[in-house]
């Protein structure tokens, strides 16, 4: 059986301490477990999409609707952020609870 170098993928002899291609220490690499894969949850992706949709919708409404003509850009951005967060938080909380109940 041979050892495959984790860096250069070169095949080495079974008892080799160092890779014959790149020289990396193969004995230290055996004991190191790979880092866990980081994933973004579906709940976060869906909640972020909901935030973006509601933010864009409310911002365009605040800018173009004559009823809000007294608002400047900054106040429109702040109000749109509030609307987006107002929908984002419950969406994320519900998705989190569903994910927790499904995993049990």
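We did not get these values from a lab; they are worked out from the coordinates using the rules stated. Quick caveat, the model's predicted, so the values are computed rather than measured. All Cβ positions, even for glycine, are placed from backbone atoms using ideal geometry, and neighbour counts span all protein chains on display.
A few remarks follow.
- Across the chain, the relative contact order, built from alpha-carbon pairs under 8 Å that are at least six residues apart, equals 19 percent.
- Ratio of Rg to Rh over region 1-83 (Cα coordinates, Kirkwood Rh, two decimals): 1.57
- Largest-first principal axis extents, alpha carbons of region 42-103, Å: 49, 16, 12
- Angle of helix 42-64 to the longest C-alpha principal axis of the chain, folded into 0 to 90 degrees and rounded to 10: 30°.
- Entry note, region 42-103: relative contact order of 46 percent, from Cα contacts under 8 Å with a spacing of 6+ residues.
- Crossing angle, helix 73-103 versus the chain [Cα axis fit, 0-90 degrees, rounded to tens]: 50
- Ordering 69-82, 45-58 by mean Cβ neighbour count within 10 Å, with the highest value first, yields 45-58, 69-82.
- Mean ellipticity per residue at 222 nm, deg cm²/dmol - from DSSP H runs of n ≥ 4 across the chain, formula -39500 (n - 2.57): -20000 deg cm²/dmol
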